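Before any comments, here is the structure.
Readers should treat all values here as calculations from the given coordinates under stated rules, not as data from a laboratory. Quick caveat, the model's predicted, so the values are computed rather than measured. Here Cβ is always computed from backbone atoms with ideal geometry, including for glycine, and neighbour counts include all displayed protein chains.
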Ligand code: NAP
């Protein structure tokens, strides 16, 4: 029987792990197949307090991991498949094994969304990706495109200018959603060319199955044209990772977990933190804050069980 299991090892899960470990609860963190969450696939983080010169996302995550481990957090790459609240305990199935815990913190984050076009699955890793940090360096001196108009798209586009000969930013409207500072940087960059009011309707691979071009459609004029690109970087937001909890924890229509009160779910002993429950702020610092709150509430809950 575990005292605290934390699902997810992004900013929320690792902050929860630091707090729970410092409370001597020896939490078990189930990291999943892609440890580190979204920060591990980002570049410079300029808005996490305490780092006036910014810090690399993967470095920030590694620091948090080391900090949690130092206080006694344990880590496993197991991926959660099922979940069953069971009176005063919670059962959770990870990599075919059932684990039991008194308290559970769900911080399973969110995954990158794709466009849902034909051949998408096959092309991921062959000129279609959602991670410029991971794949940008493969596309030197060739044209690439980024899809989206938010901060992620702006960040990816700026990062890709280090490698690509040209970065097209394809956005379905004529105004970026990104914060002003990011939008200004993007629009001022000589290598970035925005293509407004436009969507991709088709990926066009070459004979080796690698992306070679995309078909574009202007949403106002319905005009279509081809654009040669060696890679498409999709940055159109994320979907919460709640599959394992479907039907057991309350969600909104888009799958984000709903809290009964702050970080408490409707099941006693089950707490929620980070982007899996946040459709509004989605910042590293807000994820860290809710991870901290979830660990404090879990600790209080465990103390109340002991009193009982
Ligand atoms: P986002 O803000 O939700 O933006 C998603 C973008 O993709 C929007 O421009 C949206 O268009 C577009 N889009 C959505 N679905 C689409 C589709 N099916 N086809 C084409 N375009 C589509 O997501 P995000 O950029 O990932 O940012 C998420 C949160 O993280 C935000 O709060 C953001 O501020 C934060 N963030 C911050 C930083 C930073 O501060 N450095 C970096 C990254 C992310 P519309 O505009 O028309 O809706």
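Between the beta carbons of residue 201 and residue 246, assuming R0 = 22 Å, the FRET efficiency works out to 0.10 to the nearest 0.05.
Among 64, 182, the ranking by other beta carbons within 10 Å of each residue's beta carbon, starting with the fewest, stands as 182, 64.
Largest mean-square fluctuation among 282, 266, 122, in a Gaussian network model of the chain whose springs join Cα atoms under 10 Å apart, belongs to 122.
A crude spin-label estimate for the pair residue 307 and residue 142, with each label 7 Å from Cα along the Cβ direction, gives 6.3 nm.
Taking R0 as 41 Å, what's the FRET efficiency between residue 33 and residue 218 from their Cβ-Cβ distance, rounded to 0.05?
Approximately 0.60, to the nearest 0.05.
Extending 7 Å from Cα along the Cβ direction at residue 119 and again at residue 26 yields two label points whose distance is 5.4 nm.
Rounded to the nearest 0.05, what FRET efficiency is calculated for residue 228 and residue 1 with R0 set to 45 Å and r the Cβ-Cβ distance?
Values: r = 58 Å, r/R0 = 1.30.
That pair, residue 228 with residue 1, gives E of 0.15.
Spatially, the range 107-149 and the range 223-250 are offset by 9 Å when compared through their Cα centroids.
Please rank 307, 176, fewest neighbouring Cβ atoms within 10 Å first, as an exposure proxy.
Taking fewest neighbouring Cβ atoms as first place, the list is 307, 176.
Taking only Cα atoms, what is the 0 to 90° angle, nearest 10, from helix 284-307's long axis to the longest principal axis of the chain? Orientation of helix 284-307: about 20 degrees from the principal axis.
Using only Cα coordinates, the Kirkwood hydrodynamic radius of the range 43-145 works out to 18.0 Å. In the chain, the longest principal axis of the Cα atoms and the axis of helix 151-160 are about 60 degrees apart.
Considering only 22, 173, 225, the Gaussian network model of the chain with Cα springs below 10 Å gives its largest mean-square fluctuation to 225.
Picking from 72, 13, 109, which is most flexible by a Gaussian network model of the chain using Cα springs under 10 Å? Comparing 72, 13, 109 in the GNM, the peak value goes to 72. Please give the helix 11-22 orientation as an angle from the longest Cα principal axis of the chain, in degrees from 0 to 90, rounded to the nearest 10. Tilt relative to the chain: about 20 degrees. Three principal axis extents of the chain based on alpha-carbon atoms, in descending order, are 68, 41, 34 Å.
Using only helices, what value at 222 nm comes out for the chain when you add -39,500 (n - 2.57) per DSSP H run of length 4 or more and divide by the total residues, to the nearest 500 deg cm²/dmol?
Details: 7 runs with 77 residues, N = 308.
It lands at -7500 deg cm²/dmol.
Considering the range 97-190 at the alpha-carbon level, its Rg and Dmax are found to be 17.0, 55 Å. You can think of it this way: the chain between residue 84 and residue 266 has 64.2 nm of extra reach, that is 0.36 nm per residue less the Cα-Cα gap.
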